[in-house]
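Encoded as structure tokens, the structure appears first; notes follow it.
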Amino acid sequence: MEPVSIIKGSAYPIRRSNIDTDQILPAKWMKRVERTGYENGLFEIWREDSSFIINDPERSQASIIVAGENFGCGSSRQHAVWALRDFGIKAVISSRIADIHRGNLPQEGIVPVELDQDVVELIMAATEANPTVVIEIDVTNRTVTCEDAQVFAKPFRIDNASHFNLIHGYDPIDITLTFEKSIEKHESSRDPWLPKCSPEFA
Amino acid sequence: MASPRTLIDKIWESRLIDSKPEGDLIYIDLHLFNEVTSPQAFEGLKLKGREVRRPELCMATADHDVPTGKPGLQVLDEIADKQLRFQKTYCKEFGIEHYPMSSSGNGIIHVLGPEKGLTQPGMTIVCGDSHTATHGAFGAIAFGIGTSQVEHVLATQTLRLSRPKTMSVTFMGTPHPDATAKDLALAVINTLGTDGGTGYLIEFRGDVVHNLSMEGRMTLCNMAIEAGARSGLVAPDETTFAYLKGKERSPKGSLWDLAVDYWHSLATDPGAQFEKEIEIDVTGLGPMVTWGVNPAQSVPVGSKIPSLESFATKSERDAAVAALSYMGLEPGISVSDIPIHTVFIGSCTNGRLEDLQAAARVLAGRKVSSSIRALVVPGSASIKREAERLGIDKVFSKAGFEWRSPGCSMCVGMNGDVVPPGKHSASTSNRNFEGRQGPGARTHLVSPETAAATAVLGRIASPSDLPQVNKKKGK
């Protein structure tokens, strides 16, 4: 994956809390075995309403979602992240992003940006008022700037592991494989009663 | 003397391989798969030329896509069929234990782990499914992961994670005798909110929890994710050991004694500190039902949908307005006035034998209302067989329920089992999200007992609302 350092763009403000992953991508899309081609599934049901912000032609170049608290709650489906990525989303701003989704977003290079609700509100109001408002996310230094919202280099919260992988563009599996000796050591001392699986049981 | 530790700390530290500012590397003892969140992970693994590190720690089933109608079942569509074939192929290729659709060992993944004795105290368990929290009932750290993490575990049998914060949720008081584990779960989510648990792993504590059966604990832990928590768990006790004894994959002989000795140490030490400690007074708590589009929006059965003025914050009020608009309901109306169309009993939350038995006790000698479509979907093929051996299937069929085959079914609506648009369901599943049970479906989450009583009366009701069955009738 490419390292991510700066994200700069306009936004889709979605003033709603608890946007669950069933809304981001309905379950029927999970039957696919591909990793790409999910853009038409993004908010598929809500998009049927022509006034839904994702349909706003003035925001067709937007790359950031600004949402209410607890974005991405519910199902663990990474397909929701593939839909955001395929649609062109590079970052999600919310006061709280649900645990599993917050871990899934950076796997596809999307930056989960957590800010206090009052700061989210300033950015939300600014982008609601004007679709061309630009938000700049300095991933390396973990800050957000949105001049129209009077938000300047405001520090945001991001998990250290996600930050580390995003700014370096590392494949986490490659990193973990360097710990082979430590993993082997753990495996040699596992409790003898721990259960084993085998195709022979099935 | 070592400082006192929580159960969560003990398990986490026992699986810790490496600790860095960017997270802890922990070993995973059991990796479970369904058919929908793993194909891309296996594909990714193959593209990079990597191997499955520990196939003997992997178990797979088909549950989301599988139809639950009569035998000779047809998969809903070609893409689901392709997905099921994919799973078969890669499980064979990598030597993974797999229970395909219609096989005698098939079932919902979170029902199978415990039933086979694969879920044991002190383990770390992951699955590409948020309801992996279910396995926490055994005193395991069990949580849902995304597909990239599935691939990571396949390749390394580990995950790099920020250490979860610890929370204790202790139930105080004595609930009403009609309260079930589902009602406790809904009460927890109502108290914490849908994101009150974000970043935390919850240990459920207190006599109320330890008086629950293993099935009840699974229901409670299953829904920890609905409060935003990474997972929930319950310290193992004699109930846990009794459940595990003799299960197919439980330790045998001298290993059993060794394991039990160790499992006894899996408790939070007196004086150990949690980062957050919550007490929930459940005195008098009875059957609960959700009225909105997230599992925190609930009230007691027999009461009213809250008035908009009753919400403390603007955000909650806005959420209620949006929820009621989707649900086609008004604030302040009685929940018993909601027109119910479908009743669904099943899912990884409430599809185990004890759940079916509880619903059957309510249904015995009674009939489903003519206005209701009612279906019951056992959580696994083995539960289905056992229920049939006990004659529970007859109780359901006689009452007017459809007795179906195992799968996630109407909990996630991927297999053709859906609630029609605009119709209301009383469902024992875990999520009342918009469209979760089908486009436009309006879901009300309840316990199996409440679902059964609702099916009989045709409106949301608890068993105590039912008239007595006339025992002489039909003799």
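List of remarks:
- Any chance B:Asp355 is without any contact (Cβ under 8 Å) to a residue 60 or more places away in the chain, charged (D, E, K, R) and either over 16 Å from B:Ala451 (Cα atoms) or surrounded by 15 or more Cβ atoms within 10 Å (Cβ to Cβ) (or both): no
- Among the residues of the range B:6-46, just one is among the polar types (S, T, N, Q), part of a helix (DSSP H, G or I) and closer than 24 Å to A:Asn165 by Cβ, namely B:Gln40.
Yes/no matrix, rows are residues, columns are (1) buried (at least 16 other Cβ atoms within 10 Å of the Cβ); (2) in contact with a Phe, Trp or Tyr (Cβ under 7 Å, 6 or more places away or on another chain):
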| residue | (1), (2) |
| --- | --- |
| A:Glu108 | yes, yes |
| A:Asp118 | no, no |
| A:Ala126 | yes, no |
| A:Val133 | yes, no |
| A:Val139 | yes, no |
| A:His168 | no, no |
| A:Ile175 | yes, no |
| A:Arg190 | no, no |
| A:Leu194 | yes, no |
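- Helices (runs of 4 or more DSSP H) completely within the range B:328-436 that count 1 or more residues being among the charged types (D, E, K, R): B:353-363, B:381-390, B:392-399
- Subset of the range B:89-100 (residues that are crowded, with 16+ Cβ neighbours inside 10 Å and part of a helix (DSSP H, G or I)): B:Tyr90, B:Cys91, B:Phe94
- Tally, over the range B:305-316, of residues that are surrounded by fewer than 16 Cβ atoms within 10 Å (Cβ to Cβ) and not in a loop (DSSP other than H, G, I, E, B): 4
- Considering (1) surrounded by 14 or more Cβ atoms within 10 Å (Cβ to Cβ); (2) in contact with a helix residue (DSSP H, G or I) (Cβ under 9 Å, 6 or more places away or on another chain); (3) modelled with pLDDT of 95 or more, the lone condition that B:Glu388 does not fulfil carries the number (1).
- Residue within the range B:183-194 that is within 7 Å of another protein chain (Cβ to nearest Cβ), in contact with a strand residue (DSSP E or B) (Cβ under 9 Å, 6 or more places away or on another chain) and either buried (at least 24 other Cβ atoms within 10 Å of the Cβ) or closer than 30 Å to B:Trp256 by Cβ (or both) present: yes
- Looking only at the range B:62-79, and only at residues there that are closer than 15 Å to A:Lys31 by Cα and either assigned to a helix (DSSP H, G or I) or β-branched (Val, Ile, Thr) (or both), the one that is farthest from the other protein chains (Cβ to nearest Cβ): B:Val66
- Qualifying position, being small (Gly, Ala, Ser) and within 14 Å of chain A (Cβ to nearest Cβ), among B:Ser425, B:Ser429: B:Ser429
- Taken together, the residues in the range B:214-245 that are touching a residue at least 40 places away in the same chain (Cβ under 8 Å), away from chain A (no Cβ under 14 Å) and among the small types (Gly, Ala, Ser) amount to 2.
- For B:Glu330, the conditions (1) under 19 Å from B:Ala187 (Cα atoms); (2) surrounded by fewer than 17 Cβ atoms within 10 Å (Cβ to Cβ); (3) not hydrophobic (A, V, I, L, M, F, W, C) all hold with the exception of (1).
- Residues (surrounded by fewer than 16 Cβ atoms within 10 Å (Cβ to Cβ), small (Gly, Ala, Ser) and in contact (Cβ under 8 Å) with a residue 60 or more places away in the chain) located in the range B:247-299: B:Ser265, B:Gly271, B:Gly284
- Single match in A:Arg16, A:Arg47, A:Arg35 (criterion: of a type outside the set (Phe, Trp, Tyr), within 14 Å of another protein chain (Cβ to nearest Cβ), surrounded by fewer than 21 Cβ atoms within 10 Å (Cβ to Cβ) and assigned to a helix (DSSP H, G or I)): A:Arg47
- Taking the range B:39-69 as the range and being touching a residue at least 12 places away in the same chain (Cβ under 8 Å), within 26 Å of the chain's Cα centre (by Cα) and surrounded by fewer than 21 Cβ atoms within 10 Å (Cβ to Cβ) as the test, the residues that pass are B:Pro55, B:Pro67, B:Gly69.
- Considering the range B:231-296, the qualifying strands (runs of 3 or more DSSP E), each wholly inside and each with 1 or more residues that are farther than 30 Å from B:Lys423 by Cβ and within 24 Å of the chain's Cα centre (by Cα), run over B:231-233, B:276-281.
- Index of the failed condition, A:Phe43 passing every other in (1) at negative phi; (2) at pLDDT 95 or above; (3) not hydroxyl-bearing (Ser, Thr, Tyr): (1)
- Any hit, the range B:197-213, residues being within 14 Å of another protein chain (Cβ to nearest Cβ), surrounded by 24 or more Cβ atoms within 10 Å (Cβ to Cβ) and in contact with a His (Cβ under 9 Å, 6 or more places away or on another chain): no
- Any hit, the range B:364-371, residues being crowded, with 24+ Cβ neighbours inside 10 Å and closer than 21 Å to B:Pro463 by Cβ: no
- Only one entry of B:Ile125, B:Ile145 meets the criterion of being crowded, with 24+ Cβ neighbours inside 10 Å, closer than 18 Å to B:Ser38 by Cα and at the interface with another protein chain (Cβ under 7 Å from one of its Cβ atoms), and that entry is B:Ile145.
- When every residue of the range A:174-193 is checked against the conditions, none turns out to be farther than 19 Å from A:Asn104 by Cβ, touching a residue at least 24 places away in the same chain (Cβ under 8 Å) and part of a loop (DSSP other than H, G, I, E, B).
- Restricting the search to strands (runs of 3 or more DSSP E) fully inside the range A:61-144 and requiring at least 2 residues that are in contact (Cβ under 8 Å) with a residue 12 or more places away in the chain and over 10 Å from the mean Cα position of the chain (by Cα) gives A:64-67, A:135-138.
The values are calculated or read from the model by the stated rules, or taken from the named source; none is laboratory data. None of these values were measured; they are calculated from a predicted model. All Cβ positions, glycine included, derive from the backbone under ideal geometry; neighbour counts span all protein chains shown.
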